[in-house]
1. Given the options Lys47, Lys33, Lys12, name the one that is of a type in the set (Lys, Arg), modelled with pLDDT under 95 and exposed (fewer than 11 other Cβ atoms within 10 Å of the Cβ).
2. Among the residues of region 101-157, what is the count of those that are without any contact (Cβ under 8 Å) to a residue 60 or more places away in the chain and among the polar types (S, T, N, Q)?
3. Which is basic (Lys, Arg), at pLDDT 95 or above, surrounded by fewer than 20 Cβ atoms within 10 Å (Cβ to Cβ) and more than 15 Å from Leu126 (Cβ to Cβ), of Lys308, Lys303, Lys243?
4. Among Phe276, Phe245, Phe204, which is touching a residue at least 12 places away in the same chain (Cβ under 8 Å) and either farther than 30 Å from Ser90 by Cα or touching a Gly at 6+ places or on another chain (Cβ under 9 Å) (or both)?
5. Going by the conditions given, is Glu275 at pLDDT 95 or above and open to solvent by 80 Å² or more (accessible area, probe 1.4 Å)?
6. Please report, ordered by residue number, the strands (runs of 3 or more DSSP E) entirely within region 180-233 with at least 1 residues that are of a type in the set (Asp, Glu).
7. Select from region 135-179 the residues that are in a strand (DSSP E or B) and among the hydroxyl-bearing types (Ser, Thr, Tyr) and write down the one among them that is surrounded by the fewest Cβ atoms within 10 Å (Cβ to Cβ).
8. Test each condition in (1) touching a helix residue (DSSP H, G or I) at 6+ places or on another chain (Cβ under 7 Å); (2) in contact (Cβ under 8 Å) with a residue 24 or more places away in the chain; (3) in a loop (DSSP other than H, G, I, E, B); (4) not charged (D, E, K, R) for Ile77 and report the one that comes out false.
Amino acid sequence: MLLLQKEFPSLKSYVLPSYNIKYTNKGKNLRIKLFFSIPSVISAVKKERKTVNLLIEKEGLVGIISDNRFGVVSNKIPSVYITHQLQVLSGLTTFITSKIHQKIMKQFDECWVPDIEQEPNFSGKLGHLNKLNMNVKYLGLLSRFKNKNTAIKYDLLVLLSGPEPQRTLLETKLFFELKSYKGNVLFVRGTLLNSTKITKPTNFKIINYLLSEELEEVINQSELVLARSGYSTIMDLAVLGKKAFFIPTPGQFEQEYLASILSRKLIAPYATQKEFTIEHLKKLGEFTGFEVCKSDFNLDFFKLFEGK
């Protein structure tokens with residue numbers, strides 16, 4: 001929320017109730033933790049609905065686009081749900097979690113999937129169902145960035161992101177594993193919090209976070225990007241046509257799946273957080289990297305609901 005407020009300082013913002021989902025030090029325990037978070041999520045969704053109804057009256061809202069917020073919906077105005085997870089991977093419980101998510105999506109007028117409908121696409125079975133029994137529209141790839149022909153300044157860009165404590169665990173791991181890396185490294189920590197003083201090699205530059213313009217510039221200036229295999233990151237790197245190496249967040253089946261399909265397509269290699277070493281970067285020669293893809297979001301929100 002703080003980052004969005006910094007990114008768009010002129011826009012009015014409201015804080016929605018937190019789902020209070022806690023992440024674990026060990027990925028194998030994540031499903032158990034998420035299960036016990038269900039009552040907190042249900043409570044937050046109820047509060048969301050009340051908040052949304054108040055905002056509709058207070059701000060005169062005419063439409064809603066909900067980015068995976070289950071309770072940000074109303075039958076008073078057009079409501080759209082945006083997600084790339086028509087199926088929610090959760091191991092043995094995938095069927096159940098997918099059905100629950102699909103039931104939530106059906107409360108909205110439309111579901112927008114930020115991907116290409118046909119092959120080749122980037123979300124695979126996450127964003128594509130054999131049978132669609134809901135109003136789904138494919139937006140194409142979404143990214144705030146544009147590919148620019150610029151000189152390479154960094155041999156390696158490390159982009160950290162995601163929930164704690166896994167963000168910090170990966171940060172610690174990468175500082176150790178990359179200490180012998182010979183090229184120029186830009187390390188974007190992905191946090192608004194200042195850390196204790198970090199001892200770093202002379203070829204490392206460390207930044208806590210970057211806003212969109214600066215981030216677009218440094219990704220374009222980087223030969224290789226090392227990052228989590230989150231879907232937004234994948235779309236950004238596809239639009240910018242970069243070479244990448246991915247380390248999925250432990251326990252997040254979605255990120256593990258996305259990294260695996262990119263590896264099978266010989267676009268980008270990956271390694272688990274536990275197994276990653278600097279030696280894994282030698283695999284990059286076997287992979288093509290992303291070809292520059294077009295970001296072609298071109299939907300008129302209001303035309304979609306004319307006459308509603």
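1. So the residue among Lys47, Lys33, Lys12 that is of a type in the set (Lys, Arg), modelled with pLDDT under 95 and exposed (fewer than 11 other Cβ atoms within 10 Å of the Cβ) is Lys12.
2. Matching residues across region 101-157 total 8.
3. Criteria check complete, one pass: Lys243.
4. On inspection, the qualifying residue turns out to be Phe204.
5. Taking the combined requirement at face value, the residue satisfies it.
6. Per the criteria, 222-227.
7. Looking at the filtered set, the residue picked out is Tyr138.
8. (2)
The values are calculated or read from the model by the stated rules, or taken from the named source; none is laboratory data. Note that this is a predicted model, so its numbers are computed, not measured. For neighbour counting, all protein chains shown are included, and Cβ atoms are generated from backbone atoms with ideal geometry for every residue, glycine included. Surface accessibility is based on the protein's heavy atoms, side chains included, excluding ligands, DNA and RNA. Shrake-Rupley method; radii C 1.70, N 1.55, O 1.52, S 1.80 Å.
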